[in-house]
1. Is the shape of the chain best called rounded, prolate or oblate, per the rule: a/c under 1.5 gives rounded, else a/b larger than b/c gives prolate, else oblate, with a ≥ b ≥ c the square roots of the Cα gyration tensor eigenvalues?
2. Among the aspartates and glutamates, which have Cα under 15 Å from the Cα of LYS77 when same-chain residues fewer than 8 positions away are ignored?
3. Taking 0.36 nm per intervening residue step and subtracting the Cα-Cα distance, what contour gain separates ASP452 from ARG328 on full extension?
4. Which ³J(HN,Hα) values in Hz, rounded to whole numbers, follow from the phi angles of segment 207-219 under the Karplus curve 6.51 cos²θ - 1.76 cosθ + 1.60, where θ = phi - 60° and Gly and Pro get x?
5. Which cross-chain or sequence-distant (5 or more) residues have an amide H under 5 Å from the amide H of SER54, H modelled 1.01 Å from N in plane?
6. Subtracting the Cα-Cα distance from 0.36 nm times the residue separation, let me have the gained length for ALA196 to ALA224 in nm, one decimal.
7. Please turn the phi angles of segment 229-244 into ³J(HN,Hα) values with the Karplus equation 6.51 cos²θ - 1.76 cosθ + 1.60 (θ = phi - 60°), one per residue in order, whole Hz, x for glycine and proline.
8. Expressed in whole Å with the largest first, what are the equivalent ellipsoid semi-axes of segment 277-351 derived from the C-alpha gyration tensor as the square root of 5 times each eigenvalue?
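What follows is calculated from the coordinates using simple rules that are stated; it is not laboratory data. No experiment lies behind these values; they were computed from the predicted model shown. Cβ coordinates were reconstructed from backbone atoms using ideal geometry, including for glycine residues, and neighbour counts include every protein chain displayed.
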Amino acid sequence: MTRAANEGSGRVRENTAVVGLQWGDEGKGKVIDLLAGEFSAVARYNGGANAGHSVVFNGKRHALHLVPSGIFRSGVKSVIGNGVVIDPEALLVEMDRLGAAGADLSGLAISDRAHVVMPYHKLEDALREEMLAAQSSFEGETEAGAGSLAAQHGPGRSIGTTKRGIGPAYADKAARSTSIRMGDLLREGALREKVAQVCAFKNATLPGISPTAQTLDPKAIADAALKAGERLKPYITDTVYLLHDLLKAGSPILFEGANATLLDVDHGTYPYVTSSSCSVLGIPPGTGVPGSRIQNVIGVMKAYSTRVGGGPFPTELTDGTGDRIRERGREYGTTTGRPRRCGWLDLVAVRYSAMLNGATGIAIMLLDVLSGLDELKVCTAYEIDGKSTDRFIPDATGLAKVRPVFTTLPGFQEDITGAKSRAELPKNAEQYVAFIEKFVGVPAKVISIGPDREQTIQS
Ligand code: IMO
Ligand code: MG
């Protein structure tokens with residue numbers, strides 16, 4: 001881990017990763033936007049349009065799904081790495097919207113090796129979810145009670161996906177014979193052949209999931225893909241060399257994680273996860289940059305917990321406190337508009353995520369949302385089969401069996417949205433932050449006390 005590579009400008013800047021430590025929606029967009037001006041590029045390495053990052057620019061809130069959150073910083077390159085799965089039409093809609101809002105898109109670079117989310121991936125995602133929803137839930141797993149908020153997300157055995165085609169696109173990447181990459185959109189002959197091959201497979205399998213599945217028309221699908229490719233051509237490039245050229249020049253890179261560690265396909269609450277490597281462990285395969293080049297890792301967490309979709313959530317609150325957090329925190333999905341499940345902070349989970357990511361700092365977001373509560377509970381251990389453990393269980397069936405053990409801290413009543421430093425925080429808010437730092441074993445580098453850029457305490 002050498003610092004020398006970053007010393008070109010005289011100021012030591014290190015390659016940094018920003019990743020989510022919980023189940024997503026931690027406020028990664030705000031943190032990336034805050035830091036982006038210090039970097040030469042912001043690079044996405046995983047996920048697709050399932051992500052929803054919001055950034056405030058010119059007084060307006062912008063939702064980003066595929067474009068990296070540094071797009072509003074001029075002179076900062078926005079790189080969509082090979083590990084991302086791209087829905088070309090969704091990307092073009094987003095680019096048009098951002099362009100109209102005044103963003104400079106000239107620094108956008110899209111990996112020619114990123115896999116394409118095709119229309120049949122979104123169709124398959126929806127059909128699989130429907131089929132799973134019709135089945136009764138697994139015995140022993142937390143069943144979202146009928147009528148509860150959770151029931152809206154993962155009925156039956158469904159995962160509660162965003163239906164953006166993410167799982168089927170990554171499955172085809174692994175399958176190889178049914179995959180399309182961004183570079184293919186620029187090669188008409190090869191693309192038409194590939195699409196025909198894929199459609200033969202899909203037309204043989206999709207009606208097995210649902211007899212109502214429409215027959216795919218390879219010509220129409222290829223025409224649409226080529227049309228999108230034509231518009232995206234100026235941006236499609238070899239991003240691996242692009243990033244290594246920046247590294248060679250000593251220009252620091254900010255890596256933007258989408259989704260979050262507890263949704264990681266290997267290390268999250270499987271199978272209620274997304275289909276990519278969301279932690280820093282996904283950066284090397286998703287960008288071609290080795291892990292040894294990443295010096296800083298900022299783990300982003302909320303001051304409480306939320307989750308969208310199905311799956312176990314030990315500290316979930318289905319009472320008025322949960323509703324209060326949802327309303328005050330505006331906990332509704334950026335991508336799907338779904339109300340998020342809310343709960344107390346699970347520090348067993350956060351400490352596990354910080355460990356996996358090698359977090360060098362944490363960003364504690366939405367602390368202001370907790371003001372007005374008499375007491376604040378944090379989960380500091382799990383009880384399972386009568387025994388206590390401080391270890392996370394990255395498996396849905398196992399995690400569904402735990403009972404959270406809480407430590408209760410005094411709440412704070414004051415409005416903290418104007419605090420300029422930690423010293424200005426009310427005693428109990430500062431104590432809450434210090435408790436998190438000590439339990440997780442990582443210092444807080446960012447504390448967010450409101451949506452605006454200025455409502456941030458940095459150290
Ligand atoms: P950001 O980047 C919150 C969840 C979905 C679902 C599961 C699988 O905004 O933090 P998928 O469509 O990926 O197959 O869905 O993962 N999920 C997210 N939840 N924020 C996200 O991203 C998410 N990305 C995926 O709700 O439970
Ligand atoms: Mg989200």
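1. Numbers: a/c = 1.88, a/b = 1.21, b/c = 1.56.
Note, shape of the chain comes out oblate.
2. ASP33, GLU38, ASP104, ASP238, ASP245, GLU256
3. Values: separation 124, 0.36 × 124 = 44.64 nm, distance 1.52 nm.
Difference between extended and current length: 43.1 nm.
4. Computed from phi, the couplings for segment 207-219 are x, x, 7, 8, x, 8, 4, 6, 6, 7, 9, x, 5 Hz.
5. Amide H neighbours of SER54, under 5 Å, 5+ apart: GLY29, LYS30, LEU64.
6. Details: separation 28, 0.36 × 28 = 10.08 nm, distance 1.37 nm.
Result: 8.7 nm gained on full extension.
7. x, 4, 6, 8, 3, x, 9, 7, 7, 8, 6, 5, 5, 4, 5, 5
8. Working from the Cα gyration tensor, I get semi-axes of 30, 14, 11 Å.
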